[in-house]
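Reviewing the structure listed below.
Computed from the coordinates by the stated procedures, all read-outs in this text should not be read as laboratory data. The model shown is predicted, which means the values in this text are computed figures rather than measured ones. FYI the Cβ positions are ideal-geometry reconstructions off the backbone, even for glycines, and counts take in every protein chain you see.
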Amino acid sequence: MARDYKRAYQLQKTSGETDDQLERQRARRLYDQKGIKRDGMHIDHKTPIRKGGKSTTGNLRLRSPHKNMSDK
C-alpha cells in the first residue's frame, strides 16, 4: 500500500514538528520516490538545512554514516 504523503505531512505540521525535521523528511521522500536504496546510508545536505539548504536533487548526496558525521 502506498503511503499518503500529503496526509502524513499535514499530521506532522499539526503535531509541531520543526521545519528542519520536515525538510529531512522531504529528502527521504525524494530518494524513496526515485527508488534509490539508502539502506545504511545517511542523506547529506551539501548546504546544511541550518544554513538555508533545501532538499533538492542538487543539494543532496548519500554518504556513509562515518563520513557524514566526521565532517560536522
Taking Y31, Y5 and counting other C-beta atoms within 10 Å, the order from fewest to most: Y5, Y31
Angle in degrees between helix 19-33 and the longest Cα principal axis of the chain, rounded to the nearest 10: 90
Furthest towards positive pole of dipole, N59, Y5, M69, structure part the chain, Cβ charges: N59
Share of alpha-carbon pairs per 5 Å distance bin for the range 5-70, given as whole %: 3, 16, 26, 24, 20, 9, 2, 0
